[in-house]
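Notes follow the structure.
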Amino acid sequence: MKRLLCLPLTALLLAACTGTVESQPPIRLAVLEGGGTTLRTVTTGSLGTAPPPAEANVTVSGGVTLDTLPGGKRLALTLAAGIESRDVNLGDPRPFAAPFDAPGFTAPPCLRATVLNAARDRLLTLSQCESGGVPVGVQQLALYRTDGALVWRAVASGAFSPVGTDVPPTRLALVRENGVDIGILARPAIGGGSEVLRIAPSTTGSTRADVSAPVPSPAIRDLAPAANGTTVYAATDTGVQPLNTSGVPDAAAALRAFGGDRVDRVWTSAGSGVGGNLIAAWRDGGGSGLGAQPLRLWDGARTTAATVTTVSDLRDLTFAPDGNLYALTRTTLTSYDTVLGLGQGANWNPALLLGSLNEARALAWLVP
């Protein structure tokens, strides 16, 4: 199978048929496992090399999530106590600026989520501490440049921490509107469903951002940025829907390719280096007793999203510049060939890259 880095999907499909492009580039996958205590790598696309690439395996404390930084040569590792960037060998840790060392904020942080915008030049992170496994206190947010410099911070008070089953999770997104970076916070609401808050500074250059009043919303299960940088897709109980200007899912503009059934997770190819606008969606059947559910992929053109595989316990997913989709479950990391799958309809060429993982949490790609 042949590929060319960062070509639009149509060109990739043509190349796959003609065999006229360069061989698949190596991609290194970083995996956070052990419930957030172990960070390790596996390298693909380099079979036959001698010696084989050395893989990293390092111990971390309080790991939360991973994100690929611009260029793919470093990743952002979010720990409960702060964010740091690391190189392709998981070394050279460089801490980001302390997020909440300022009057009116609570330090040290208890970070629990981080997202990048579609351009991958800003990161938004959320802090909320817990007591007995239940979130307590205010929610604090910080916006960073990818070099670790702090842009602004904010406090979102009034957070509701319901106890029960099937509670909507707290989710983040980051968009840029008219040159202004706007954070979006979706969280559980009193009385059920979600509420959405928008966060941005009122004056240019301010290091403290303002938080809007919460807007009631149907339950939001997940958020992901579109490639255009201004649209955010929401996973809802009635399908995948873009947010409107108030931050609420727009049911009238739902992506019909995914139908109207519940979706719990959504991912896009924004910032991945893959051309086009790939969107993956998945229903978590574990809590409902449904078991393994289809992982579906849409290329923006087809009438119906294609089924890549059926999977349970899906923890994370990433699109990489080699044209593959990488899916991380609690115990495994598997690659799927989106070029073959979308081009031939059924052959996704699955390959198990890692097995016997322990409580895997997050995944990011790197270019070794």
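Brief remarks on what is shown
- Nearest 10 degrees, 0 to 90: helix 9-18 Cα axis against the chain principal axis: 10
- Per-peptide packing, taken as the mean over residues of other Cβ atoms within 10 Å, places 123-129, 56-62 in the sequence 123-129, 56-62 from highest down.
- Surface share of carbon and sulfur [accessible, 1.4 angstrom probe, percent] for the stretch 67-148: 53
- Accessible area per residue in Å² at 1.4 Å probe, computed on the chain: 41
- Three-way shape call for the stretch 113-212 based on the alpha-carbon gyration tensor, with the a/c threshold at 1.5: prolate
- Sequentially through the stretch 313-319, phi angles give Karplus couplings (6.51, -1.76, 1.60; θ = phi - 60°) of 6, 6, 9, 7, 8, 9, 9 Hz, Gly and Pro residues having no value and appearing as x.
- Modelled label positions at residue 256 and residue 244, each set 7 Å beyond Cα in the direction of Cβ, lie 2.0 nm from each other.
- Computed over every Cα-Cα pair of the chain and binned at 20 Å starting from 0, the pair-distance distribution P(r) comes out as 29, 61, 10, 0 percent.
- Taking the chain and dividing mean pair separation by its residue count, relative contact order in percent (alpha carbons under 8 Å, at least six apart): 15
- Annotation for residue 180 and residue 347: the two label points, set 7 Å from Cα along the Cα-Cβ direction, are 5.2 nm apart.
- Taking packing as the residue-averaged number of other Cβ atoms within 10 angstrom, the listed peptides 198-206, 294-302, 92-100, 264-272 run from highest to lowest as 264-272, 294-302, 92-100, 198-206.
- Classified by the C-alpha gyration tensor, the stretch 281-345 has an oblate form. Its axis ratio a/c, with a ≥ b ≥ c, is 1.5 or above, and a/b does not exceed b/c.
- The stretch 203-243: relative contact order as a whole-number percent, Cα under 8 Å and 6+ apart: 27
- Model label zone, residue 331; criterion: amide N under 16 Å from point 7 Å along Cα-to-beta-carbon; scope the stretch 286-324: 286, 291-293, 311-315
- For the stretch 73-136, applying the loop criterion from DSSP together with a ceiling of 16 other beta carbons within 10 Å to the trypsin sites (Lys or Arg not before Pro) yields 73.
- Heavy atoms of residue 317: accessible area, 1.4 Å probe, square angstrom to 10: 10
- Annotation: extensible slack from residue 107 through residue 55 equals 15.2 nm (criterion: 0.36 nm per residue apart, minus Cα-Cα distance).
The values are calculated or read from the model by the stated rules, or taken from the named source; none is laboratory data. Bear in mind that the values here come from a model prediction, so they are computed numbers and not experimental data. Counting neighbours? That spans all protein chains shown, and the Cβs are built from the backbone with ideal geometry, glycine included. These area figures cover heavy atoms from the full protein model, side chains too; ligands, DNA and RNA do not enter into them. Shrake-Rupley method; radii C 1.70, N 1.55, O 1.52, S 1.80 Å.
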